[in-house]
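Here the structure comes first, spelled out in structure tokens, and everything after it is commentary.
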Amino acid sequence: MLRNLFKSRFLRKMSCFSQVINPITGENTWQEREDDYDYHQEVANAGFGDMLHDWERNQKYYAALKKTIAEMRSSGREVHVLDIGTGTGILSMMALKAGADTVTACEAFLPMANCAAKILAANGAGDKVRLIRKRSTEILIGEDMPQKANLLVAELLDTELIGEGAISIYNHAHDELLTEDALCIPARARCYAQVAQTPLAAQWNSLKTLPNLDGEPLLRPPEQLKACQGEAALHDVQLSQLPPSSFRPLTDPVEIFQFDFQRKTPREKQREQLLRLQSKQPGAAEVVFYWWDIHLDNGGDILLSCAPYWAHPDIKELASKGKDLPLPNVVPWRDHWMQAIYYIPKPLQLLEAGQAFHLSCHHDEYSLWFDAREEKPGKTVRRHTCSCDLHMTYSRSRIGQMNQSPRNKRYLRYLEESLEAGQSRVLVLGNGCLLGLASSALGAASVQLHEPHRFSRRLLESIVQHNDLKNVQFVDKLEELEASQLASLTHIFAEPYFMNAILPWDNFYFGSLLLKIKNQLSAGVRISPCSARVYALPVEFLDLHKIRALIGSCEGFDLRIFDEMVERSAEQALSLVEAQPLWEYPCRALAQPQQVLNVDFNNFSEEHHLEGSIELKHTGSCNGVALWVDWQLTDDSSPKSIVSTGPSEQITPGEFVQWDMFVRQGVHFPRPTKEAISRLDWSTDFRPLLGELNFSFKPKKT
């Protein structure tokens, strides 16, 4: 008995303890995790499933393999294929079925390589594909491969095209692993740029003047922010989902770079291209929209484009086939290859249509950057970096949120109505709380900012100095405040925003901070927001659910082993709710939203155990549940006292939801069910002192 007990304990998987920060409590905690937790997390988030749901990618890769192998065979050549980064082995199996003589696949991510071995075996290819568990740059001819390959198939691309190291990988392959006459799939890539003016996207890149409710300047950004050129890093987005009214194209799309993956001479790791363009209409050249396409075959007959819908070469054909879809969604959906926005360091004013200017396009081994100037630059334009703290401290969505006028007006309305000039003493909680800082400009007697983040504090200090605010004190730790200071406070204010927050309710850290000082506050202190409500909405996504959907089979190949691996890892490492910017992923509402939690910040320590049911009001596949937080600024019934992180317009079941574009919402993906469901049962379990907030959703049949 004791021997068996010891044996069972000994044979259990070993666990380790990891130190993590709980975003709600702000405390470092130890979590027991299995030894292979990191492995499960990497598998669950690898994105292979998203690629395998990309039907256009799969079909066109397969078509290119069939065409290329048939042409090689018809010319009397044997076909020896190398598949770099095989993943599930899908391209290797395609090559084998298309008639390749030999197929060698390499995969450096060992869990994926082991999975590929099982998939190959399950599809009858286990003894026909040589699987090498190495990076391609580590392969040796004569040791790992008996001979060089004359056909390379690979999927080494990302949104930026070259961000995963494609240049060096192709250069090494041609030098060491491929014959002189080798062909490649894809054969070539072309990169495109389109210059545009877009006040919406500009909000993601620079800090604007904060006006009061009368439109007069309240806080101006300091000169260092105005002079900063920003970050050159791409901002990857689903460009097709940008509202057409939010941008003005100033040029047509232009080709800026070509990458020939087949040529034997090395691909350059750094290039620049200077284009002289003319504006189609007046405007400010603020951004470059970027995407690419690939010719998968040598003849250029099989084209895959990542263009947004308005520039897609097949838009007419796709629109005729997808008449039931909004026009932006008729182009093939993919999340692994999106489009990008690059911000021009200093927007160029183009005063009239036809005005000439120069677009500088640059790339190094892994990234691109751009600039627009009226005159031809005299020297190479260097990659720009942030010099003002804003871009290196905050995410794009946070910068946009700080500029979001309707949201800011609701906070300012509260502050203007509740503060007494020369009397109010305000404590501001949160990171980069520009609106809290505005209370000083509105006449508060004193403002204390709890800002422990070094760079965020340095940025706010520059704003204080530039606007000559005399009554502001920064606080690293709440414990630094004396009892008399806490007792004299008249207001505690937050947006709330904390840099450790990922999900909307992670900002409940505001309540945890309040608990630290609650007993030392006066009875009449005003706390804003006073409460927060979490809402849930059953939805039908057009595409987003595919990132967690099972594959089953792909182009006739059985991938259920991959599904099982990902499911096991997801159970171990994925949260039941994940954060997503839902404005990029259209969905229809299947019901009216329902409140699933109400938190009173005056009584934050209270635990909540709730349950309920949401009746579906519209037929559709409930493949997602969207969740968000509404912040109640003051205890009244005015809708102007609510700041929502969810829908930006009224919800109508059966209609597409319009989402706040400057914050990420929470998403739960229910297990798919074949039966029609009529309601969604839910439960909420919130233990604030432990920082635990858990939701459960169970679809119920009709």
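What are the pairs, 6+ residues apart or on separate chains, where a residue within the stretch 97-113 that is modelled with pLDDT under 95 has its Cβ under 6 Å from a residue that is open to solvent by less than 30 Å² (accessible area, probe 1.4 Å) and not in a loop (DSSP other than H, G, I, E, B)?
111/43
Go through 613, 569, 575 for me and flag whichever is farther than 19 Å from residue 501 by Cα, surrounded by fewer than 16 Cβ atoms within 10 Å (Cβ to Cβ), out of contact with any Pro (no Cβ under 7 Å at 6 or more places or on another chain) and among the small types (Gly, Ala, Ser).
Selected residue: 613, the only one of 613, 569, 575 that is farther than 19 Å from residue 501 by Cα, surrounded by fewer than 16 Cβ atoms within 10 Å (Cβ to Cβ), out of contact with any Pro (no Cβ under 7 Å at 6 or more places or on another chain) and among the small types (Gly, Ala, Ser).
For residues that are out of contact with any helix residue (DSSP H, G or I) (no Cβ under 7 Å at 6 or more places or on another chain) and open to solvent by less than 70 Å² (accessible area, probe 1.4 Å), tally how many sit in the stretch 355-384.
The total comes to 19.
Would you call residue 304 at pLDDT 95 or above, part of a strand (DSSP E or B) and open to solvent by 20 Å² or more (accessible area, probe 1.4 Å)?
No.
Look at the stretch 595-649 and say how many of its residues are under 25 Å from the mean Cα position of the chain (by Cα) and not hydrophobic (A, V, I, L, M, F, W, C).
10
For the list (1) closer than 16 Å to residue 107 by Cα; (2) part of a helix (DSSP H, G or I), I need the number of the one condition that residue 83 fails.
Going through the list (1) closer than 16 Å to residue 107 by Cα; (2) part of a helix (DSSP H, G or I), residue 83 breaks only (2).
What pairs come up if the first residue lies in the stretch 385-413 and is more than 18 Å from residue 202 (Cβ to Cβ) and open to solvent by 40 Å² or more (accessible area, probe 1.4 Å), the second is at pLDDT below 95 and in a helix (DSSP H, G or I), and their beta carbons are under 6 Å apart, counting only those six or more places apart or on different chains?
Taking only residues 6 or more apart or on different chains, the pairs are 410/640.
Given the criterion open to solvent by 50 Å² or more (accessible area, probe 1.4 Å) and not aromatic (Phe, Trp, Tyr), identify the matching residue among 495, 540, 555.
Only one candidate qualifies: 555.
Tell me, please, whether a residue that is of a type outside the set (D, E, K, R), surrounded by fewer than 22 Cβ atoms within 10 Å (Cβ to Cβ) and within 20 Å of residue 268 (Cα to Cα) can be found in the stretch 193-207.
The answer is no, given that none of the residues of the stretch 193-207 is of a type outside the set (D, E, K, R), surrounded by fewer than 22 Cβ atoms within 10 Å (Cβ to Cβ) and within 20 Å of residue 268 (Cα to Cα).
Taking the options 323, 316, name whichever one is more than 19 Å from residue 158 (Cβ to Cβ), free of Cβ contacts under 8 Å to residues at least 24 places away in the same chain and part of a loop (DSSP other than H, G, I, E, B).
Answer to the check: 323.
Only residues that are part of a helix (DSSP H, G or I) and either open to solvent by 50 Å² or more (accessible area, probe 1.4 Å) or within 22 Å of residue 51 (Cβ to Cβ) (or both): list them for the stretch 583-597, please. Outline the logic, then answer.
Start the filter on the stretch 583-597 by keeping residues that are part of a helix (DSSP H, G or I), which leaves 583-584.
Once the filter is applied, which keeps residues that are part of a helix (DSSP H, G or I) and either open to solvent by 50 Å² or more (accessible area, probe 1.4 Å) or within 22 Å of residue 51 (Cβ to Cβ) (or both), the stretch 583-597 yields only 584.
Working carefully through the options 278, 262, find the one that is touching a strand residue (DSSP E or B) at 6+ places or on another chain (Cβ under 9 Å), under 28 Å from residue 331 (Cβ atoms) and open to solvent by 50 Å² or more (accessible area, probe 1.4 Å).
Numbers: 262 fails: open to solvent by 50 Å² or more (accessible area, probe 1.4 Å).
After applying the criteria, what remains is 278.
Of the residues in the stretch 227-267, how many are under 27 Å from the mean Cα position of the chain (by Cα), under 30 Å from residue 172 (Cα atoms) and assigned to a loop (DSSP other than H, G, I, E, B)?
Number of matching residues: 3.
The values are calculated or read from the model by the stated rules, or taken from the named source; none is laboratory data. Please read all numbers here as calculations on a predicted model, not as lab measurements. No Cβ is skipped: glycine too gets one built from the backbone with ideal geometry, and neighbour counts run over all protein chains shown. Surface accessibility is based on the protein's heavy atoms, side chains included, excluding ligands, DNA and RNA. Shrake-Rupley method; radii C 1.70, N 1.55, O 1.52, S 1.80 Å.
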